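Here's the structure, in structure tokens; my notes come after.
Taken together, the values in this text are just the output of simple stated rules run on the coordinates, not laboratory data. Keep in mind the model is a prediction, meaning the values are calculated, not measured. Cβ placement follows ideal geometry from the backbone for every residue including glycine, while neighbour counts extend to all protein chains displayed.
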Ligand SMILES: C[S@@+](CC[C@H](N)C(=O)[O-])C[C@H]1O[C@@H](n2cnc3c(N)ncnc32)[C@H](O)[C@@H]1O
């Protein structure tokens with residue numbers, strides 16, 4: 001089985017910010033996770049720039065810090081545990097300090113993204129600052145998952161529009177905010193060929209799906225084991241039916257990137 005990777009995703013996010021992320025710039029990376037986007041930004045802002053990565057998970061932040069130190073960039077990147085819903089910044093950052101804010105594969109998970117954008121525009125970003133967010137549009141195995149799981153009681157932990165129509169979800173996100181959406185494009189693609197067939201292979205595919213799509217595992221944790229098993233059986237049956245002539249299931253994802261600028 002090919003291991004699935006969002007190849008080049010973080011680089012494309014940072015590139016999409018254009019000159020807002022240049023040597024000496026200040027960048028905030030929201031929901032930084034293991035710091036992939038933050039570290040690409042850190043390389044670009046150079047020794048005189050600074051990057052702050054925030055995430056709700058201490059565990060991810062420890063890994064991010066370790067990677068930054070190993071890459072010799074620990075002095076220009078800081079990682080802090082924060083919920084984006086309560087975005088209080090340390091005083092040393094002052095007000096409206098960020099040239100750019102990035103958010104990799106996470107915007108759909110936030111409870112009140114509109115409120116977050118207000119806070120960013122009012123307190124965190126410089127006038128004319130650039131906000132870049134991406135989401136990977138849903139691929140076939142995840143779509144099939146929703147088809148079989150929702151009627152069996154699965155609740156997606158965020159608005160299904162992000163999965164069904166990522167483009168419209170991004171357009172709506174910025175409506176009525178202090179941001180002008182200046183670019184919204186499908187920029188990356190990721191493809192994996194899944195071998196289906198034996199019970200062992202299907203077990204591995206199921207595990208792979210739940211690991212790739214953290215929102216699926218969050219939702220599954222709320223169901224009892226019997227219900228999860230029922231969903232899994234239904235999913236395996238549908239996936240088997242999607243095998244092509246070569247006996248594989250093609251798993252395809254597309255990266256949507258939105259670039260928005262704070263109104264002056
Ligand atoms: C799919 S990961 C993306 C990580 C990283 N941005 C990347 O592109 O590799 C989603 C991240 O969002 C974080 N997250 C989810 N809700 C959050 C919240 N309310 N506040 C801060 N971080 C949050 C999770 O802990 C996780 O690290």
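Worth pointing out:
- Structure remark: mean-square fluctuation, Gaussian network model of the chain, C-alpha springs under 10 Å; the largest value among 114, 104, 33 belongs to 114.
- Given in Å, the Rg to one decimal and the Dmax to the nearest whole number for the Cα atoms of the stretch 1-92 are 13.1, 48.
- The Cα center of the stretch 12-84 and the Cα center of the stretch 101-167 differ in position by 20 Å.
- Cα gyration tensor shape for the stretch 141-199, rounded if a/c is under 1.5, else prolate or oblate: oblate
- Cα gyration tensor category, rounded, prolate or oblate, for the stretch 152-238 with a/c compared to 1.5: oblate
- Over the Cα atoms of the stretch 85-150, the radius of gyration divided by the Kirkwood radius equals 1.14; this is the Rg/Rh ratio.
- Modelled spin labels at residue 62 and residue 244, positioned 7 Å past Cα toward Cβ, are 4.2 nm from each other.
- Seen against the Cα atoms of the chain and their longest principal axis, helix 225-241 is set at about 80 degrees.
- GNM result for the chain, Cα springs below 10 Å: residue of 27, 51, 250 fluctuating most strongly: 250
- Antiparallel DSSP beta bridges within the chain, percent to nearest 5: 55 percent
- For the stretch 201-264: rounded, prolate or oblate by the Cα gyration tensor [a/c cutoff 1.5]: oblate
- The stretch between residue 140 and residue 165, if pulled fully straight at 0.36 nm per residue, gains 7.6 nm over its current Cα-Cα span.
- Our compactness index for the chain, the C-alpha radius of gyration over the empirical 2.2 N^0.38 Å, is 1.06.
- The calculated 222 nm mean residue ellipticity attributable to helices in the chain amounts to -11000 deg cm²/dmol, summing -39500 (n - 2.57) over DSSP H runs of n ≥ 4 and dividing by all residues.
- Residue among 100, 86, 68 with the largest mean-square fluctuation in a Gaussian network model of the chain, springs linking Cα atoms under 10 Å: 86
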